[in-house]
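Engineer: Below: one structure in structure tokens.
The values are calculated or read from the model by the stated rules, or taken from the named source; none is laboratory data. No experiment lies behind these values; they were computed from the predicted model shown. All Cβ positions, glycine included, derive from the backbone under ideal geometry; neighbour counts span all protein chains shown.
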């Protein structure tokens, strides 16, 4: 594979690394403000809200310009959100601005794969893309946890540097540097011809075209199953990150720094599953991996009774491996069908709309369970059973569909 593909991977890695590191700095800023506990999952909701609100426009925008240029502009918006956080804007609003950049970035970063690579390399390329994203999640959780640790907080309380006197402020500065590195890589992404440019950019036309494409993708059998599975995965995966934080504190007696690093363990498993799927699952047999989702839900249910950190790590790696094994083929299948039906940028924006709608709903349900004072064990069991039964229904309905 030529240099251009690796530049795309590097740009994605540093941008995702910054996104994941910034999340924990924003959580710590909320705690410094003595914000109520329900605002922590709502923080992620503010991030994903942009994916839903901008979906009718993000796809056409990504398809109207060379995607490397779109990635650079979007990354600049993330930098602006980072500055807003540093200047004292409420974390919910500032992190929401970062989400706006991500909403515009995503159709370009995935859409460029279908334009740059042949069809028979899509699962392989998605494996690499998700592998680098997973590495960013792992390192982001570790870096974010270290940067907000008590050691850094104690150091800056006694030794202000460049006006920085708290660990979250220093974390934001580090994240800002990561976004700048990502932007530099964006500048060197190969410029590809514009595909599927919109013939009309009026608001009413974009809105109508979005819903036409929405129905087109959901009515396509393979588009439907891949969209349903990826939406479920991202809704469940994002919510699981927050569940792990309270579960680790309750069952394993971990502090926030240890709990944030535990979330990275799932990403290790995801990387393992991604590699396995990229090597063993051809695109035309992608639906064969659906039963793995039921197994993933069952393993999550088992976590409710775990109190030993070693067993916890094993189960979380297993959860990640199962998730990666079905996510990568489903992502590749969705990109392939979307590219054929409407164009890569449009289809990825639709994917973002559905996936982030799922995140919004599942985080909302999680916030309601927290507000209702349900036990951590009950939350974990309900969450795992929901995933197992939903994936079981999708397996029953689509288990024999083939590309």
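Engineer: Which ones in segment 10-35 are outside any loop (DSSP other than H, G, I, E, B) and surrounded by fewer than 19 Cβ atoms within 10 Å (Cβ to Cβ)? Give the steps one after another, and end with the answer.
Structural biologist: Applying the first criterion (outside any loop (DSSP other than H, G, I, E, B)) to segment 10-35 yields 10-32.
10, 31, 32 - these are the residues of segment 10-35 that are outside any loop (DSSP other than H, G, I, E, B) and surrounded by fewer than 19 Cβ atoms within 10 Å (Cβ to Cβ).
Engineer: Would you call residue 92 in contact with a helix residue (DSSP H, G or I) (Cβ under 6 Å, 6 or more places away or on another chain), surrounded by fewer than 23 Cβ atoms within 10 Å (Cβ to Cβ), farther than 23 Å from residue 183 by Cβ and at pLDDT 85 or above? Walk me through it before giving the result.
Structural biologist: Details: in contact with a helix residue (DSSP H, G or I) (Cβ under 6 Å, 6 or more places away or on another chain): yes; surrounded by fewer than 23 Cβ atoms within 10 Å (Cβ to Cβ): yes; farther than 23 Å from residue 183 by Cβ: yes; at pLDDT 85 or above: yes.
Spelling it out, residue 92 is indeed in contact with a helix residue (DSSP H, G or I) (Cβ under 6 Å, 6 or more places away or on another chain), surrounded by fewer than 23 Cβ atoms within 10 Å (Cβ to Cβ), farther than 23 Å from residue 183 by Cβ and at pLDDT 85 or above.
Engineer: Here's something else I'd like to know. Please report, ordered by residue number, the helices (runs of 4 or more DSSP H) entirely within segment 143-255 with at least 3 residues that are touching a strand residue (DSSP E or B) at 6+ places or on another chain (Cβ under 8 Å) and modelled with pLDDT of 85 or more.
Structural biologist: On the way: elements: 150-158, 167-186, 203-219, 221-251.
The helices (runs of 4 or more DSSP H) meeting that bar number zero.
Engineer: OK, next. Answer yes or no as to whether residue 317 is crowded, with 16+ Cβ neighbours inside 10 Å, at pLDDT 90 or above and assigned to a helix (DSSP H, G or I). Outline the logic, then answer.
Structural biologist: Details: crowded, with 16+ Cβ neighbours inside 10 Å: yes; at pLDDT 90 or above: yes; assigned to a helix (DSSP H, G or I): yes.
Spelling it out, residue 317 is indeed crowded, with 16+ Cβ neighbours inside 10 Å, at pLDDT 90 or above and assigned to a helix (DSSP H, G or I).
Engineer: Filter segment 328-343 for residues that are touching a helix residue (DSSP H, G or I) at 6+ places or on another chain (Cβ under 6 Å) and either over 21 Å from residue 131 (Cα atoms) or at pLDDT 85 or above (or both); which is surrounded by the most Cβ atoms within 10 Å (Cβ to Cβ)?
Structural biologist: Only one residue tops the list, namely 338.
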